[in-house]
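All remarks here apply to the structure that follows.
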C-alpha cells in the first residue's frame with residue numbers, strides 16, 4: 001500500500017474536466033492507496049454541481065454515482081466495518097461545469 005505523506009492525506013484540488021477525473025490525479029503513483037474515509041469539498045465558487053462516483057459513472061442514470069455536491073457542499077465517504085478498505089483510486093469526480101474544483105482528503109487508519 002502507498003504510505004500517505006500526511007494523515008489525513010490531502011489529495012489537493014481536482015479540476016472538473018470533460019470526462020471523469022480520478023481523485024488520485026495529483027498523485028498518480030498512489031494506485032493502491034486505501035482509506036477508511038475520504039472527504040470531498042466542492043469549492044464555493046463552483047458554477048454547477050459536481051458528481052462523485054466510480055469509473056463508468058453515469059450522471060443521467062445514477063449508475064456508479066455516489067453523491068451529487070452543490071457548490072460549497074462537503075461529503076464524507078466512510079467505511080465503518082473494516083479499516084482502510086476504500087480503494088481511493090477507484091473514486092472519480094465529474095461535473096456540469098469544466099473548471100470547477102473539488103478538494104479531497106483521504107484518512108488512513
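A short reminder: the numbers here are calculations on the coordinates, not readings from a lab. Worth saying up front: this structure is predicted, and the values here are computed from it rather than measured. A quick note on method: Cβ atoms are made from the backbone with ideal geometry, for glycine too, and the neighbour counts reach across all protein chains shown.
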Mean-position separation - Cα centroids, the stretch 87-109 and the stretch 19-69, in angstrom: 4 Å
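For the chain, what's the relative contact order in percent, using C-alpha pairs closer than 8 Å and at least 6 residues apart? Show your work: numbers first, answer last.
Values: 276 pairs, mean separation 49.3, N = 109.
Relative contact order for the chain comes out at 45 percent.
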Among (i) 60, 53, 26; (ii) 111, 27, 17; (iii) 34, 26, 23, the entry that matches Cα extents along the principal axes in Å as calculated here: (iii)
By counting other Cβ atoms within 10 Å of each Cβ, how are 44, 105 ranked from fewest to most? 44, 105
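Based on the mean of other Cβ atoms within 10 Å per residue, sort peptides 54-67, 11-24 so the most packed one is first.
Packing order, densest peptide first, comes out as 11-24, 54-67.
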